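What follows is a set of notes on a single structure, which appears directly below.
The values are calculated or read from the model by the stated rules, or taken from the named source; none is laboratory data. All figures in this text were calculated on a predicted structure; none of them were measured in a lab. Please note: Cβ atoms are built from the backbone with ideal geometry, for glycine as well, and neighbour counts cover all protein chains shown.
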Amino acid sequence: MAAKLVLVASALVFCCAGQPADSEFFINGVSGSCLFGFELLMGKLEFLEEKLYELERYQRETHSNNLFTSCSKEPSKISGKYRLQPIANEKPFVGFCEQEKYDGGWLVIQHRFDGSVNFYRNWKEYRDGFGRLDGEFWIGLERLHRLTKDKSVTLMVEIEDYDGNYGYASYKDFEIGSESERYELKRLGVYQGTIGNGMRSNEGRIFTTRDSKNDGDDENCAESEQGAWWYSECGEANPNGPHKKQGEWKKMYWYLHKEGAELKFFRMMIK
């Protein structure tokens, strides 16, 4: 912005210096032709600024020419979309890296904030993933299994309710099983956070969707809560429930946070 002001001021001085003060087009100290040229210059500067902003945003969000083994290895520390290849000889994928909160290096695996994506989906969709990385999405259970198998992975959960109350929970040793194991939540590790240990009852449970009941309850918790999760008799969390409340428990909630207050924001990340 400062460089722009210097350039504009210099151009205006140069323009005025070349005009006779007694010119019939001299208006309030600046000639009409100079004003016209000045307006053209300003228009071009604004156009170039807009293009520069678009290029910077594209570079920040896509980084399509780079390939990293993890979000932690990306050097710019700017949040956005990156090409990742955590496992050698496997096809790279594009993931969203959170590089500013909690020391950065996080791969986002689930994001809810505006209700633009329907999360009441079937087994195949939860296995493969859905949504948009620059909006709401679920990364996919199969990819999550590969990213956590036999590794030391920390899970970070962030929530915010409609009163603006924010909180988090982290688990130091997160791993899920394969599809043949029905993506069992094998372990979580040590809990830290401000919203309570709301996933502990899910440990050892297998994933349930509306068309694949694995929750140990008389009813399908995915149906009764309109979500999908490692339900344990419906449990203490429903991160993939409706963004707008559809019933007492048909909503996003983390029960230990204000006894299941409806949430407007939910995000999960791993590192």
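On the given criteria, is Trp123 crowded, with 20+ Cβ neighbours inside 10 Å, of a type in the set (Phe, Trp, Tyr), at pLDDT 95 or above and in contact with an Asp or Glu (Cβ under 6 Å, 6 or more places away or on another chain)? Judged against the criteria, Trp123 is a match.
So which of Arg210, Arg205 is in contact (Cβ under 8 Å) with a residue 40 or more places away in the chain and within 20 Å of Tyr126 (Cα to Cα)? Testing whether each residue is in contact (Cβ under 8 Å) with a residue 40 or more places away in the chain and within 20 Å of Tyr126 (Cα to Cα) leaves just Arg210.
Evaluate the range 236-256: report whether one residue or more is in a strand (DSSP E or B), touching a residue at least 40 places away in the same chain (Cβ under 8 Å) and either of a type in the set (A, V, I, L, M, F, W, C) or surrounded by 15 or more Cβ atoms within 10 Å (Cβ to Cβ) (or both).
Within the range 236-256, the subset in a strand (DSSP E or B) is 237, 254.
Now narrow it down to the ones that are touching a residue at least 40 places away in the same chain (Cβ under 8 Å): 254.
Subsequent filtering for residues that are either of a type in the set (A, V, I, L, M, F, W, C) or surrounded by 15 or more Cβ atoms within 10 Å (Cβ to Cβ) (or both) retains 254.
Yes, the range 236-256 has at least one match.
Mind listing whichever residues of the range 159-174 are farther than 13 Å from Ala237 by Cβ and in contact with a strand residue (DSSP E or B) (Cβ under 6 Å, 6 or more places away or on another chain)?
In the first step, residues of the range 159-174 are kept if they are farther than 13 Å from Ala237 by Cβ; the result is 160-166, 168, 170, 172-174.
Glu160, Asp161, Tyr162, Tyr166, Tyr168, Ser170, Asp173, Phe174, listed by residue number.
One residue stands out in the range 177-217 among those that are in contact with a His (Cβ under 9 Å, 6 or more places away or on another chain) and surrounded by 15 or more Cβ atoms within 10 Å (Cβ to Cβ): the one that is farthest from Gly260 (Cα to Cα), namely Gly177. Checking Phe174, Phe137 one by one, the residue that is touching a Gly at 6+ places or on another chain (Cβ under 6 Å), crowded, with 19+ Cβ neighbours inside 10 Å and either farther than 20 Å from Lys271 by Cα or not charged (D, E, K, R) (or both) is Phe137 and no other. When you check Glu90 against the structure, is it out of contact with any strand residue (DSSP E or B) (no Cβ under 8 Å at 6 or more places or on another chain), assigned to a loop (DSSP other than H, G, I, E, B) and either modelled with pLDDT of 95 or more or not assigned by TED's automatic domain parsing to the domain that holds Ser170 (or both), yes or no? No. Does Ala222 meet the test of being at negative phi, assigned to a strand (DSSP E or B), surrounded by 22 or more Cβ atoms within 10 Å (Cβ to Cβ) and at pLDDT 95 or above? Criteria not met by Ala222.
In the range 139-159, the residues that are touching a residue at least 24 places away in the same chain (Cβ under 8 Å) reach residues that are among the acidic types (Asp, Glu) with C-beta atoms within less than 7 angstrom, at least six apart or across chains, in these pairs: Glu142/Asp128; Glu142/Glu179; Thr148/Glu175; Lys149/Glu175; Val153/Glu175. The criterion of being assigned to a loop (DSSP other than H, G, I, E, B), touching a Gly at 6+ places or on another chain (Cβ under 7 Å), among the hydrophobic types (A, V, I, L, M, F, W, C) and on the phi < 0 side of the Ramachandran plot does not hold for Ile206.
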